[in-house]
Each structure stands twice: as structure tokens, then as C-alpha cells.
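Inspection log for the structure reproduced underneath, given as C-alpha cells.
The values are calculated or read from the model by the stated rules, or taken from the named source; none is laboratory data. Keep in mind the model is a prediction, meaning the values are calculated, not measured. Every residue, glycine as well, gets a Cβ built from its backbone with ideal geometry; the counts of neighbours run over all protein chains shown. The area values use the complete protein model at the heavy-atom level, side chains included, leaving out ligands, DNA and RNA. Shrake-Rupley method; radii C 1.70, N 1.55, O 1.52, S 1.80 Å.
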Amino acid sequence: MSDPLVIAGRAFRSRLIVGTGKYRSFQENARALEASGADMVTVAVRRVNLDRSKESLLDYIDPSKYFLLPNTAGCYTADETIRTARLAREVGLSDWVKLEVIGDQATLFPDVQATLEATRVLVKEGFTVLAYTSDDIVFAKRLVDAGASAVMPLGAPIGSGLGIQNAANLRILREMITGVPLIVDAGVGTASDAAIAMELGYDAVLMNTGIAAAQEPVLMAEAMKNAVLAGRQAYLAGRMPRKLYATASSPAERVVR
């Protein structure tokens, strides 16, 4: 915990946050979660069996080991999103929520205005809100002003695996947003994408499909764990300056002893 991720005063040892959709089985999901080293895991409220009347993903996640972060995946309006967050709290999942309001079904881009509306309501009701959004600096600032505990801009469309497509915008966001953690959410396809996100100075990366859709999800989960750690270390170390021409690694002058 020498370099923890801190959100709303709570410290997490891992800067990798993982989702729980698209796995071939609950057992595979559990093995990948273990391999990822993550201690925060998102659960789609609308896609899990909350009453435990039959086998559920929640049967495979130890709440004493993992912090459950309900998410509002599949919601298309602010009202629907607010109701889903309230349901998660009522059934005892958490009063934290990964807020996701989809504005377009084809691209799954967020409805930033509806996200802002839902954030304002839920923060007033005592929720800790981590808001999935676009890379729009104006709305990112408004989410912070509305009380969001973390801002989560996409790196590419959800589930696309395209990697970081908007590095310039993400750099601007990193420079302009300092009051809350910034977490890249969506688009990560392989370990190098995760490392790039962390090297840009982001506080964490959230991913699901990049692990779940890999040919070997458990092995990819371990790769993502190492990539996030390496990217964070590289960011803290500070990369060398870029130069147009070569610079010799060894001095050209002959040393006379």
C-alpha cells in the first residue's frame, strides 16, 4: 500500500478495477479476478440475480476480499440510472456506484447531460459516485463540481478493444482535473493499452472485455495487473526527454587513466 489508489478517502492497493461480464462461466470469472490482483470489482445491477434464488455471480465473489462496485450498465436515462443505484443500495450491495448512462445504442457513448443530472441527485442522497463519461473537459469539471468522487473518461468505445484513441484529450483532462481520481474506463484491449493509460498519469484503469474476451482470460488478467503496475511506475519515474537525433549512451571522449 505504498502507492494506494484513494477514492473518497478509501484506499485500494490495486489500480486495476475489473468488470464481471462476458466470461464463459462464473468459475472462469473468479479465476481471472484472482489473477488480476484487483480489489475492486464492478457488478452490473441489472444483470445479476440479486435475490440469490439461483446461482449468481455474487456466489463467487468474496465480499471480505473484494470491494463490490455496483454499476448502472444498461441504463439509458437519468431516472432509470438513479433507480438502479437505489436498488443496489437497498439490497445491500453498496452506496458506491459506477454511474453509467448510455446515450447511443450503437456506440454506447455516454449521455453526459443525463450523467450530470444523475450525479447531482445521487450525491445529495449520500452515494459515492464514480462517473463514466466522455473525454469532454467541460463536463468532467461539471461532474467534479456536482460531487463525483472519480471521473472515468473512455479511452475508446466500450468493448471495442481499440486501445487509447484519444491520448491528447486524456492528457488535457489529466492536466485540468486534479481534485478527484481520473480512471480510464472502456476501450482497453491488451496490456500495452493499460500501460499507456497509466503512463498518461491516470490513477487507475477499469476494464472488462479486454480480459473476458481474451483467448486466455486468466493469463490476460495477470498481464493487465503487470501492465498497470509498470505504467504507474514509469509515470512516477518520469520518462526521458524525446529527441530528434541520437545521443550516444557512452561518452565519445576517450578516458585516460
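Bridges between two residues of the chain, per DSSP, are antiparallel at a rate of about 15%.
The residues of the stretch 141-257 expose, per residue, 55 Å² of accessible area to a 1.4 Å probe. According to the square roots a ≥ b ≥ c of the eigenvalues of the Cα gyration tensor, what is the shape class of the stretch 1-49, taking rounded for a/c under 1.5, prolate for a/b larger than b/c otherwise, and oblate for the remainder? Taking the square roots of the gyration eigenvalues as a ≥ b ≥ c, the stretch 1-49 is oblate. Using alpha carbons only, the radius of gyration of the chain set against its Kirkwood radius gives Rg/Rh = 1.03.
Here the stretch 188-240 and the stretch 58-72 have alpha carbon centers that stand 21 Å from each other. Give, to the nearest whole percent, the P(r) tail of the stretch 170-241 beyond 17 angstrom, counting all Cα pairs. Above the 17 Å cut-off, the stretch 170-241 has 42 percent of its Cα pairs.
Summary of the geometry: the stretch 106-143 and the stretch 1-21, compared by the centres of their Cα atoms, lie 20 Å apart. Entry note: the stretch 1-131 has Rg to Rh equal to 0.96, where both radii use alpha-carbon atoms and Rh is the Kirkwood radius.
Remark on M40: its backbone amide H falls under 5 Å from those of V18, F67, a criterion applied only to residues 5 or more positions apart or on other chains, H modelled at 1.01 Å from N. Relative to the globular-protein estimate of 2.2 N^0.38 Å, the Cα radius of gyration of the stretch 90-176 stands at 1.10. Applying a DSSP loop filter and a limit of 12 other Cβ atoms within 10 Å to the trypsin sites (Lys or Arg not before Pro) in the stretch 32-93 leaves R52, K54, K65.
Dipole orientation for the stretch 41-147: of the candidates L93, G103, A114, L93 has the Cα lying most toward the positive pole (charges on Cβ; Lys, Arg +1; Asp, Glu -1). Straight Cα distances below 20 angstrom link K141 to the aspartates and glutamates E100, D111, E117, E175, D185, D203, with same-chain residues fewer than 8 positions distant left out.
Express the accessible area of the stretch 1-41 per residue in Å², computed with a 1.4 Å probe while the remaining protein chains stay in the model.
Heavy-atom SASA per residue in the stretch 1-41 reads 45 Å².
Beyond 21 Å in Cα-Cα separation lie the following of the pairs K65/K124; K98/K124; K22/K98; K22/K54: K65/K124. By the helix-only formula, in which each DSSP H run with n ≥ 4 contributes -39500 (n - 2.57) and the sum is divided by residues, the chain has a 222 nm mean residue ellipticity of -10500 deg cm²/dmol. Full extension of the chain between E216 and Q113 yields a length gain of 33.3 nm, computed as 0.36 nm times the residue separation minus the alpha carbon distance. For the stretch 58-72, the Karplus equation 6.51 cos²θ - 1.76 cosθ + 1.60, evaluated at θ = phi - 60°, returns couplings of 5, 6, 10, 10, 7, x, 7, 10, 10, 8, 7, 10, x, 10, 9 Hz by residue, with Gly and Pro reported as x.
Explain nothing, just the number: relative contact order of the stretch 78-222, from Cα pairs under 8 Å at least 6 residues apart, as a whole percent.
17
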